[in-house]
Amino acid sequence: MSARFAPVRRLLAVLLMAASARSAPAQAVAAESAPARSAPAQAVSAAGGTAGGRHEVITWGASADRLGDAVADRGYRLVVHTSAAGDDLRIRLSNAFGDRPVTFDSVYAGRRQQGAGLLHGSNRRLTFKGARSVTVPPAATAYSDPLPGRLPAATDLVVSLHSPDAAGPATGHGMAMQTSYTAGGDHTAEESGAGWTQTTGSWFYLDAVTVRTDAATGAVAALGDSITDGWASTSDTNRRWPDYLARRLRGAGTAVKGVADEGISGNKVLADGAGQSALNRLQRDVLSHPGVRTVFLFEGVNDIKAHTKVTAQDLIAGYRQIVARSHAAGKCVVGATVAPFKGWPEWDPAAEAVRREVNAFIRDSGEFDAVTDFDRILRSPYDPERILPSFDGGDHLHPDDKGMQAMADAVDLTSLDCRP
């Protein structure tokens with residue numbers, strides 16, 4: 001089912017946003033009206049636009065969150081896996097949750113050989129407006145200058161950064177499902193991994209990598225919770241469902257090649273908690289990224305299972321705000337049904353009733369540009385309130401590697417190549 005090319009939807013996007021805000025529950029209205037939370041982070045330097053028939057597209061992304069106390073004179077060697085191929089890579093550093101400026105005095109990008117070690121000759125310094133260092137104010141982001149050269153798809157890119165003065169709350173992504181490395185002092189220029197003696201399962205300060213590619217190429221941003229974040233998939237293997245989707249897109253004829261995984265474990269649509277709510281982080285984590293053509297919305301189970309008296313109509317009002325804001329930004333929205341979770345400790349018949357009502361809206365309302373029915377793909381034919389045992393990661397909520405691949409295989413790739 002798809003109505004993504006209906007002109008009337010574009011004409012009524014602003015009216016829909018206003019109407020949804022009026023009918024939304026209290027927590028959703030607060031999310032929409034709080035400037036400190038819903039406004040995009042101030043950008044120190046903006047992402048590049050289209051030039052000479054080429055433009056920037058996000059090739060990797062991870063949602064920013066608060067990570068605890070920052071540490072001065074600490075280096076981070078961060079391993080990320082790209083999706084779209086392109087030239088002139090740029091990175092985005094985020095201080096979205098900082099309460100003071102943070103300086104990065106040395107930042108490099110290279111390609112991984114093994115562990116913390118880099119391919120010989122691949123590690124190159126990144127600059128910021130021509131300078132070797134950059135100071136990022138609180139609640140701000142900073143883009144690097146383009147780094148000349150080709151970055152292939154499916155590359156293990158390594159970004160090494162050092163801050164001499166980091167303090168206060170650190171910004172990053174907690175559950176990376178990827179081993180990265182830390183070190184005392186500045187080892188960013190070194191190709192060897194010998195100086196990187198400690199490991200971390202989080203990404204610090206880095207929240208996006210972009211490349212310049214032909215203007216026809218676009219990206220999809222997956223806005224989600226722990227299932228999108230990859231919990232219960234195998235670490236260090238890139239087996240989150242957005243990773244499997246990126247593999248499919250590489251071999252397909254579609255113009256969408258970039259995939260940004262914007263999942264946060266425990267995240268909700270309506271309320272802050274495990275990360276800012278989907279409503280509050282939509283602009284920063286999704287709409288601000290270059291080349292995003294489609295928003296893939298797969299959230300809601302945490303709102304439902306938390307037993308905070310969120311009704312189906314509350315959640316639907318939140319979805320409508322996300323759709324309206326995305327449409328107003330010129331993006332299409334694919335909605336995904338909420339997967340079954342019977343057997344998880346918070347499941348009960350009341351939560352199941354809300355899930356079914358929400359899924360009926362997602363499937364049948366026509367308010368999304370397209371729908372992916374993850375509920376149908378993941379549920380057991382013998383007990384549709386449960387995840388299929390062969391897809392169950394062990395807790396009856398999170399799919400394992402096979403389930404993640406089944407989810408990605410269920411996505412209609414043509415639904416992602418949506419142009420307003």
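The values are calculated or read from the model by the stated rules, or taken from the named source; none is laboratory data. Note that this is a predicted model, so its numbers are computed, not measured. With ideal geometry, Cβ positions are generated from the backbone for all residues, glycine too; neighbour counts draw on all protein chains shown. SASA here: full protein model, heavy atoms, side chains in, ligands and nucleic acids out. Shrake-Rupley method; radii C 1.70, N 1.55, O 1.52, S 1.80 Å.
What to note about this one:
- Strands (runs of 3 or more DSSP E) fully within region 178-217 counting 3 or more residues that are over 18 Å from G68 (Cα atoms), at pLDDT 95 or above and among the hydrophobic types (A, V, I, L, M, F, W, C): 206-214
- Set side by side, the residues L93, L89 differ, and just one is in a strand (DSSP E or B), buried (at least 17 other Cβ atoms within 10 Å of the Cβ) and in contact with a Lys or Arg (Cβ under 9 Å, 6 or more places away or on another chain), which is L89.
- Residue within region 307-319 that is surrounded by 24 or more Cβ atoms within 10 Å (Cβ to Cβ) and not in a helix (DSSP H, G or I) present: yes
- Complete set of residues in region 347-389 that are closer than 21 Å to Q405 by Cβ, in contact (Cβ under 8 Å) with a residue 60 or more places away in the chain and open to solvent by less than 20 Å² (accessible area, probe 1.4 Å): A370, T372, F374
- Tallying residues that are surrounded by fewer than 16 Cβ atoms within 10 Å (Cβ to Cβ), within 22 Å of D105 (Cβ to Cβ) and not hydrophobic (A, V, I, L, M, F, W, C) within region 163-180 yields 3.
- Of everything in region 53-74 that is among the charged types (D, E, K, R), surrounded by fewer than 24 Cβ atoms within 10 Å (Cβ to Cβ) and within 19 Å of A274 (Cα to Cα), the residue that is nearest to the chain's Cα centre (by Cα) is R66.
- Test: residue in region 181-195 that is open to solvent by less than 20 Å² (accessible area, probe 1.4 Å), touching a Ser or Thr at 6+ places or on another chain (Cβ under 7 Å) and charged (D, E, K, R): no
Here's the yes/no breakdown for (1) in a loop (DSSP other than H, G, I, E, B); (2) open to solvent by 60 Å² or more (accessible area, probe 1.4 Å); (3) free of Cβ contacts under 8 Å to residues at least 24 places away in the same chain; (4) under 17 Å from H187 (Cβ atoms):
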site	(1), (2), (3), (4)
Y108	no, no, no, yes
P138	yes, no, no, no
A142	no, no, no, no
P148	no, yes, no, no
A153	yes, no, no, no
L161	no, no, no, yes
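- The set of residues in region 214-236 that are farther than 22 Å from N302 by Cα and either among the charged types (D, E, K, R) or free of Cβ contacts under 8 Å to residues at least 60 places away in the same chain (or both) comprises D214, A216, S235, D236.
- Yes/no for T199 being crowded, with 24+ Cβ neighbours inside 10 Å, touching a strand residue (DSSP E or B) at 6+ places or on another chain (Cβ under 9 Å) and of a type in the set (S, T, N, Q): no
- Subset of region 251-294 (residues that are in contact with a Cys (Cβ under 7 Å, 6 or more places away or on another chain) and open to solvent by less than 10 Å² (accessible area, probe 1.4 Å)): T294
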